[in-house]
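Participant: Starting off with a structure, shown below.
Please treat every number below as a calculation from the coordinates, not as lab data. Everything quoted here is computed from the prediction, not taken from an experiment. Reconstructed Cβ throughout: ideal geometry from the backbone, glycine too, with neighbour counts over all protein chains shown.
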Amino acid sequence: MSVGIDEISFYTSNYYLDLRTLAQQQQTDPEKYYTGIGQEKMGMPAPDEDIVTMAANAALPIIERIGSDTISTLLFATETGIDQSKSAGVYVHRLLGLHSNCRVVELKQACYSATAALQMACALVERQPERKVLVIASDIARYELGTPGEATQGCGAVAMLISAAPRLLEIYPEVGNFTDDVMDFWRPNYRATALVDGKYSTKIYLKALKKAWEHFVQATSASFTDFGRFCYHLPFSRMAQKAHQHLAKLNHTELTPVEIEQQIEDTLRYNQIIGNSYTASMYIGLCSLLEHCQENLSEQKIGFFSYGSGCVAEFFSGRVMPGYQQALHRQRHAQLLEARQAVSYDEYLQLWHHPDPQQGESLMIPHTTPGRFRLAAISHHKREYVIC
Ligand code: HMG
């Protein structure tokens, strides 16, 4: 029996800052961002958007197709949680009208937790093949203004329906893992922005790739040439390019630099204009591959490298299903991105500084997002979500 991703849909905010605007403000060469880190735009959430509203918006097309009663479990991956106790997924459960018999839980390990959720979902479906599990990854990447990480902010959510006989991608059970207690990127409870040792984090990312790959090869006897395409965790697109060159070199590939680049280039397109969406980023990369690749990917094997700072990494793989093109939300995603609005630098600052009540103050939030779900208020320490 094959188990894997039956449907995938993503959402990002209606607003973005063009990195040329940021570069101009910082008196930096825009090519540092456009070429140096390979990023063009970064998504900025509206004041009435958060991980819950983005998650519900991402999952909406799936629920519209299959109905709200068929989901047995909702696994919510995030590292920008809004509550230390209650799962963000429980709010999404109500917004989407899921059945009261559907279980919900939130998972955390930096950008890696969506992969843990995916593997757990596959295991649940293996046990009860008639069940469907909804995996949602949703995050807002925030760094301090004026720091090297600032240009790598972004926001987005991805929803994946995991089922038996999937229409998009069979996920194979074999994995390679690597865990190490390192301080490359972290966010203590009292901070709204992440702390990061940027250069160190890129080195640890590459080390984790090598170690996870070696473990994967040991577990599977797979080789680099088995895979037609690769999806990497995408903090910024240049990171994936460097990682893939590194992996190709470790495997003494005979591919040319152009052929190596072709194995990942279609995975980068959405990330380049959305920015880092932490847990969601590699899976938005998968969407990008399936929706942009001119070649028919049916039956191709794809290698995935999932990385979460701190750190936990996993290499795993999947097979693209014949006819996958019919199950994509290509047009919906194109319309979503096409409709976005660029913000000026001052508007970016306003969005960045939008109050995030840390002391329990009440807040009425103006209606800004064009999305179906919005955060209307925070009152008596409770977040009030509404369906528009
Ligand atoms: P920086 O230090 O300001 O940048 O920030 P830089 O000086 O290293 O320049 C970047 C690249 O641009 C360099 O290329 C420059 O040469 C080039 P490279 O040497 O790397 O090939 N460059 C130019 N190119 C063309 N024209 C120009 C020009 N100027 C410079 N004029 C840094 C880089 C990564 C440190 C920063 O973006 C950062 O701190 N980012 C946040 C951390 C991060 O994303 N780390 C990635 C690995 S960790 C991870 O992926 C996990 C994460 O997603 C979190 C989680 O798991 O939860 C972050």
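Participant: Among the residues of segment 236-262, count how many are within 14 Å of the ligand (Cβ to nearest atom) and in contact with a Phe, Trp or Tyr (Cβ under 8 Å, 6 or more places away or on another chain).
Facilitator: The number of residues fulfilling the criteria is 4.
Participant: So, in segment 83-108, exactly how many residues are touching a residue at least 60 places away in the same chain (Cβ under 8 Å) and touching a helix residue (DSSP H, G or I) at 6+ places or on another chain (Cβ under 6 Å)?
Facilitator: 2
Conditions (1) within 22 Å of residue 173 (Cα to Cα); (2) within 19 Å of the chain's Cα centre (by Cα); (3) of a type in the set (Val, Ile, Thr), marked per residue:
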residue	(1), (2), (3)
263	no, no, no
267	no, yes, yes
270	no, yes, no
286	yes, yes, no
307	yes, yes, no
336	no, yes, no
347	no, no, no
361	no, no, no
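Participant: In segment 120-139, which residues are of a type in the set (A, V, I, L, M, F, W, C) and part of a helix (DSSP H, G or I)?
Facilitator: Those that are of a type in the set (A, V, I, L, M, F, W, C) and part of a helix (DSSP H, G or I): 120, 121, 122, 123, 124, 125.
Participant: Being in a loop (DSSP other than H, G, I, E, B) and in contact with a strand residue (DSSP E or B) (Cβ under 9 Å, 6 or more places away or on another chain) is the filter here, so list the residues in segment 168-215 that pass it. Show your work before the answer.
Facilitator: From segment 168-215, those in a loop (DSSP other than H, G, I, E, B) are 168, 172-175, 180-184, 187-194, 197; that's our starting set.
168, 172, 173, 174, 175, 180, 183, 184, 187, 188, 194, 197, listed by residue number.
Participant: I need every pair where a residue in segment 275-286 that is farther than 19 Å from residue 142 by Cβ and more than 12 Å from the ligand (Cβ to nearest atom) has its Cβ under 9 Å from the Cβ of a residue that is part of a helix (DSSP H, G or I) and of a type in the set (Val, Ile, Thr), sequence separation at least 6 or different chains.
Facilitator: 283/115; 285/267; 286/267
Participant: Give the residues of segment 166-194 that are charged (D, E, K, R), within 16 Å of the ligand (Cβ to nearest atom) and under 21 Å from the mean Cα position of the chain (by Cα), sorted by residue number.
Facilitator: 184, 187
Participant: In segment 33-71, what residues are crowded, with 24+ Cβ neighbours inside 10 Å, within 16 Å of the ligand (Cβ to nearest atom) and either on the phi > 0 side of the Ramachandran plot or of a type in the set (Gly, Ala, Ser) (or both)?
Facilitator: 43
Participant: Of the residues 162, 136, which is out of contact with any Asp or Glu (no Cβ under 9 Å at 6 or more places or on another chain), buried (at least 17 other Cβ atoms within 10 Å of the Cβ) and in contact (Cβ under 8 Å) with a residue 60 or more places away in the chain?
Facilitator: Residue meeting the stated conditions: 136.
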